[in-house]
Amino acid sequence: MTLKNIQAIFFDFDGVIADSVHVKTEAFAKIYEPFGEEVVKKVVDHHLANGGISRFEKFRLYHRRFLNQNLNDKQLQQILDNFSSLVLQRVIEAPLIPGTIEFLEKNYQNLKLFIISATPHDEINKIVKEKNLNKYFKNICGSPQNKSFWTHSIINEIKLDSSKVIFIGDALADYNAATENNIKFVARVNTIGDNIFNGKKVFKEIKDLFELDVLLLNGLSD
């Protein structure tokens with residue numbers, strides 16, 4: 001698989017396009033700070049181990065599992081609004097992963113590029129627009145629909161050949177979306193911390209989009 005026969009690339013956003021994972025982690029910690037350090041640690045540990053799951057799911061889970069509380073829709077919306085106020089501008093201002101602009105500028109006219117994010121749909125579209133990246137992507141897709149849904153939907157809607165599509169992600173939800181839809185998964189792995197993909201059937205690992213460019217130029221081979 002080289003640039004000549006790839007049809008499309010699906011990108012996660014936080015941690016793949018933007019260096020913004022820490023922004024979300026700090027916001028989760030801030031939301032649960034009133035409930036004590038032990039709860040904060042449990043929330044942060046779960047969040048870091050389960051990137052790519054929407055905040056809609058996480059807040060309901062954390063309140064139920066760690067606080068023994070079931071959030072109603074109004075309570076959930078209040079927390080979501082608070083979370084968005086904590087993260088939106090900081091994500092807009094977050095630096096890009098090295099090689100992002102170079103890769104997008106070089107390839108967006110020849111490849112179909114998409115963002116598939118766990119960030120709410122309207123919010124991720126606003127972020128991408130504010131970062132002046134929207135021209136590079138055919139579509140920008142967010143929650144509450146999950147990543148597997150969007151991957152399947154895009155492949156079928158524009159009739160892509162799944163053997164010619166790759167998903168670039170840094171979370172297990174990205175990996176699952178790729179494997180469930182029978183497309184190759186390339187992991188963006190931060191050199192700091194544990195590799196969550198150990199033991200998984202990951203096609204390739206990269207540290208940034210400069211490395212992705214080299215991979216595609218040289219050909220993706222097993």
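The values are calculated or read from the model by the stated rules, or taken from the named source; none is laboratory data. Owing to the predicted nature of the structure, the values given are computational and were not obtained by experimental measurement. So basically every Cβ, Gly included, is an ideal-geometry build from the backbone, and we count neighbours across all protein chains shown. These area figures cover heavy atoms from the full protein model, side chains too; ligands, DNA and RNA do not enter into them. Shrake-Rupley method; radii C 1.70, N 1.55, O 1.52, S 1.80 Å.
Structure values in brief
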| quantity | calculated |
| --- | --- |
| Residue list for region 185-203, restricted to those being among the basic types (Lys, Arg) and buried (at least 19 other Cβ atoms within 10 Å of the Cβ) | ARG188 |
| ASN50 farther than 20 Å from ALA177 by Cα and modelled with pLDDT under 95 | no |
| Residue, surrounded by the most Cβ atoms within 10 Å (Cβ to Cβ), within region 1-19, restricted to residues that are closer than 25 Å to SER153 by Cβ and polar (S, T, N, Q) | GLN7 |
| Tally, over region 126-181, of residues that are hydrophobic (A, V, I, L, M, F, W, C), open to solvent by less than 30 Å² (accessible area, probe 1.4 Å) and assigned to a helix (DSSP H, G or I) | 7 |
| Residue within region 61-73 that is open to solvent by less than 50 Å² (accessible area, probe 1.4 Å), over 24 Å from ILE158 (Cβ atoms) and modelled with pLDDT under 95 present | yes |
| Inter-residue pairs, beta-carbon under 9 Å, first under 14 Å from LEU172 (Cα atoms) and in region 196-208, second open to solvent by less than 60 Å² (accessible area, probe 1.4 Å) and hydroxyl-bearing (Ser, Thr, Tyr), 6+ apart | ILE196/TYR175; PHE197/TYR175; LYS200/TYR175; LYS201/TYR175; VAL202/TYR175 |
| Matching entry among ASN132, ASN176, ASN156 (being farther than 22 Å from ILE6 by Cβ and among the polar types (S, T, N, Q)) | ASN132 |
| Residue satisfying all of: in region 77-93; open to solvent by less than 20 Å² (accessible area, probe 1.4 Å) and touching a helix residue (DSSP H, G or I) at 6+ places or on another chain (Cβ under 6 Å); farthest from GLU37 (Cα to Cα) among these | VAL91 |
| Residue within region 101-120 that is crowded, with 18+ Cβ neighbours inside 10 Å, among the aliphatic types (A, V, I, L, M) and in contact with a Gly (Cβ under 7 Å, 6 or more places away or on another chain) present | yes |
| Matching residues, region 26-56, being under 17 Å from GLY169 (Cα atoms) and either of a type in the set (Ser, Thr, Tyr) or buried (at least 21 other Cβ atoms within 10 Å of the Cβ) (or both) | GLY52, SER54 |
| Helices (runs of 4 or more DSSP H) (entirely within region 20-68) containing at least 1 residues that are over 23 Å from VAL91 (Cα atoms) | 37-49, 55-67 |
| Any pair with Cβ under 8 angstrom, 6 or more apart, that starts in region 38-49 at a residue that is closer than 17 Å to PHE83 by Cα and ends at one that is among the small types (Gly, Ala, Ser) and open to solvent by less than 70 Å² (accessible area, probe 1.4 Å) | VAL40/ALA29; VAL43/ALA29; VAL44/ALA29 |
